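Written below as structure tokens is the structure these notes are about.
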Protein chains: 2
Amino acid sequence: MRIGVIGAGALGLYYGAMLQRSGQDVHFLLRRDYQAICQTGLTVSSVNGDFHLPQVNAYLDAAQIGPVDLVLVGLKTFANRQLVKLVAPLLGPETSILTLQNGLGNEELLAEAFGAERVLGGIAFLCSNRGEPGEVKHLGEGRIRLGEFSGGLGPRSQQLTEIYVAAGVPCEAVSDLRRVRWEKLVWNIPFNGLSALLGKDVTELLTHQPTRQLIEQLMQEVIAAANRQPLEEPIDATPFIQQMIEMTDQMDHYQPSMMIDRREGRPLELAAIYAKPLQLAATAEIEMPRTEMLHKLLSIGENN
Amino acid sequence: MRIGVIGAGALGLYYGAMLQRSGQDVHFLLRRDYQAICQTGLTVSSVNGDFHLPQVNAYLDAAQIGPVDLVLVGLKTFANRQLVKLVAPLLGPETSILTLQNGLGNEELLAEAFGAERVLGGIAFLCSNRGEPGEVKHLGEGRIRLGEFSGGLGPRSQQLTEIYVAAGVPCEAVSDLRRVRWEKLVWNIPFNGLSALLGKDVTELLTHQPTRQLIEQLMQEVIAAANRQPLEEPIDATPFIQQMIEMTDQMDHYQPSMMIDRREGRPLELAAIYAKPLQLAATAEIEMPRTEMLHKLLSIGENN
């Protein structure tokens, strides 16, 4: 399968590399890592074993990639104004688009531009960071849950799942993409925002009892809002929160992407992770006072 | 009147200096500023005109001060464990104690140790910072409202008011000390905490619409909790919030004390300004979700 990776940050580089290693024909649109990858290839330093791809199809211009079977989108959502322009040159009549971006609103943006039938979304539970140019660090996790933007379990999502699984990435197709998006927000809303705001990693946040309790309160708010959305099945708050917390307790001082974005002076993904969910909660007339406060606290100094 | 100042930070130094300039017999318990003040006296750089006191009664040991008519307490509340020990040597049979400290619980502490009849409390609306040793900067405001811990308008609070007014400090005696304490919290809870958490001064916080709105939401919570306390009259939320915001809009990039405490690595006054009000709100079965969240966010990295 010919695959184009748009937005080759930690997530795009990692999954693209895994797919290439398994024999897929992967093409990366790069910026920061272009020169290093052209010269020495791409290195994945992974908890599951390091590997190196000496030969990588690297591009600075999406038009040079041309049509692919699958566009894999890993762009930071704060760059979504460029998304349509970057994806368009990769589309042939049968091209599918899978966005693994954070938060809400990404499938909608792609569907509006290119048609809902092309679009799939997925959530990646991946602990990864960029290293030096030409390197990506895989710190843990990595599983993907993906589904059709239009809902239901089609043969296409099944096929993509098999491609990921064959590449060593645990992957599952789901019929209710909306639900898994909200499930991911249950993690992202507390951990991304609090780590960025306080400059503390997940272990520091969970070790301090007041912030651990606040994380649970934020998770409660997100689940309450999620369960007012048209989900196939509601999220069962108590066991789900317990599972999220236990999983994060296992992470050793992991720094969420938003913590790194803030430290390095990049914009934060506030629209996708906070503004859009808050807007849907308001429409459903459910209050998220702590989430709203966190959004306000994060917004000072940001442009969005 | 013989007056002892315990806790000679910006507030204690400023009011002590004003009282001395007006002819009162003031004695300062000092630490950081002791040497500078012994050598060159105390300088007040004030928006109302600078002045210098070449001769100041300065002490490193409270026992050296001996009994006074009035103990003026300006100690940071995070040092309250030392309060009783510091005040005790200054007490004669008729000594009154006036605490101008932030937050709740200070009068109670003094009353328990020395008897409620000795204790007055006051809130100071003062913008001041410490400068170099031997200097205090008065940036604006300065008015005091004081009252008997046991309630009511006695001759003593009237007499103290006159002493302050004669010293050029706007001062008013109030019968309901509890109410003015909560009124002050309406300012302190949003501005102290948010400035410390975000490293932004009051002008920056008010210029950014989301934090301006959050400030109003926090003020609403504090007033709702205040109005569940046994106040003589409830606080009328809308005009009071408007007045607080308008007053603060006039302050030019003022940095609240807690912002400076955090930047300089000192403990924060979390018990008096957050924990105690939250505890009283919980007893009155009223929720303060944003205040509670702010307290949690500030507590990480603190010992209390």
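The values are calculated or read from the model by the stated rules, or taken from the named source; none is laboratory data. The structure presented is a predicted model; accordingly, all values stated were derived computationally and were not measured. Neighbour counts run over all protein chains shown; Cβ positions are idealised from the backbone, glycine included. With ligands, DNA and RNA removed, areas are computed over all heavy atoms of the protein, side chains included. Shrake-Rupley method; radii C 1.70, N 1.55, O 1.52, S 1.80 Å.
What the table shows:
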| item | result |
| --- | --- |
| A:V202 vs. criteria crowded, with 18+ Cβ neighbours inside 10 Å, more than 14 Å from chain B (Cβ to nearest Cβ) and among the β-branched types (V, I, T) | no |
| Positions within region B:157-194 being within 14 Å of chain A (Cβ to nearest Cβ) and more than 17 Å from the chain's Cα centre (by Cα), in sequence order | B:L194 |
| Lone unmet requirement of (1) assigned to a strand (DSSP E or B); (2) open to solvent by 20 Å² or more (accessible area, probe 1.4 Å) for A:K85 | (1) |
| Qualifying residue in region B:132-152 (condition: within 30 Å of A:G301 (Cβ to Cβ) and of a type in the set (A, V, I, L, M, F, W, C)) | yes |
| Hits in region A:269-304 (condition: more than 14 Å from chain B (Cβ to nearest Cβ) and either open to solvent by less than 30 Å² (accessible area, probe 1.4 Å) or under 19 Å from the mean Cα position of the chain (by Cα) (or both)) | A:E269, A:A272, A:I273, A:K276, A:P277, A:A281, A:A284 |
| Hits in region B:54-81 - residues which are assigned to a helix (DSSP H, G or I) and open to solvent by 80 Å² or more (accessible area, probe 1.4 Å) | B:Q64, B:R81 |
| Residue in region B:258-268 that is of a type outside the set (A, V, I, L, M, F, W, C) and within 19 Å of B:L104 (Cβ to Cβ) present | yes |
| Residue match in region A:130-137 (condition: more than 14 Å from every other protein chain (Cβ to nearest Cβ), within 25 Å of A:A237 (Cβ to Cβ), in contact with a Gly (Cβ under 9 Å, 6 or more places away or on another chain) and not acidic (D, E)) | no |
| Hits in region A:88-124 - residues which are open to solvent by less than 30 Å² (accessible area, probe 1.4 Å), assigned to a strand (DSSP E or B) and touching a Pro at 6+ places or on another chain (Cβ under 9 Å) | A:G92, A:T95 |
| Test: B:G142 is under 18 Å from the mean Cα position of the chain (by Cα) and outside any helix (DSSP H, G or I) | yes |
| Sole residue being closer than 23 Å to A:L75 by Cα, in contact with a Cys (Cβ under 8 Å, 6 or more places away or on another chain) and among the β-branched types (V, I, T), chosen from A:V165, A:V174 | A:V165 |
| Positions within region A:82-117 being of a type in the set (G, A, S) and free of Cβ contacts under 8 Å to residues at least 60 places away in the same chain, in sequence order | A:A88, A:G92, A:A111, A:A113, A:G115, A:A116 |
| Some residue of region B:228-237 being among the β-branched types (V, I, T), outside the structural domain of B:N106 (by TED's automatic domain parsing) and under 14 Å from B:L197 (Cα atoms) | no |
| Any pair with Cβ under 7 angstrom, 6 or more apart, that starts in region A:22-39 at a residue that is in contact (Cβ under 8 Å) with a residue 60 or more places away in the chain and ends at one that is assigned to a helix (DSSP H, G or I) and surrounded by fewer than 23 Cβ atoms within 10 Å (Cβ to Cβ) | A:S22/A:A166; A:Q24/A:I163 |
| Within region A:211-268, considering residues that are part of a helix (DSSP H, G or I) and of a type in the set (S, T, Y), the one surrounded by the fewest Cβ atoms within 10 Å (Cβ to Cβ) | A:T238 |
| Single residue of region A:145-178 satisfying the filter (part of a loop (DSSP other than H, G, I, E, B) and open to solvent by 60 Å² or more (accessible area, probe 1.4 Å)) that is farthest from A:L104 (Cα to Cα) | A:P170 |
| Evaluation of A:E264 against (1) within 14 Å of another protein chain (Cβ to nearest Cβ); (2) within 26 Å of A:A79 (Cβ to Cβ) (one fails), failing number | (1) |
| Filter pass, B:R178 being basic (K, R) and more than 20 Å from B:L280 (Cα to Cα) | no |
| Odd one out for B:A196, checked against (1) open to solvent by 30 Å² or more (accessible area, probe 1.4 Å); (2) touching a helix residue (DSSP H, G or I) at 6+ places or on another chain (Cβ under 7 Å) | (1) |
| The lone exception for A:E132 - which of (1) open to solvent by 50 Å² or more (accessible area, probe 1.4 Å); (2) part of a helix (DSSP H, G or I) it fails | (2) |
| Residue satisfying all of: in region A:1-26; assigned to a strand (DSSP E or B) and open to solvent by 10 Å² or more (accessible area, probe 1.4 Å); nearest to A:V136 (Cα to Cα) among these | A:D25 |
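Conditions tested, residue by residue: (1) of a type in the set (D, E, K, R); (2) modelled with pLDDT of 95 or more.
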| site | (1), (2) |
| --- | --- |
| B:L70 | no, yes |
| B:A116 | no, yes |
| B:V119 | no, yes |
| B:E132 | yes, no |
| B:L139 | no, no |
| B:E148 | yes, yes |
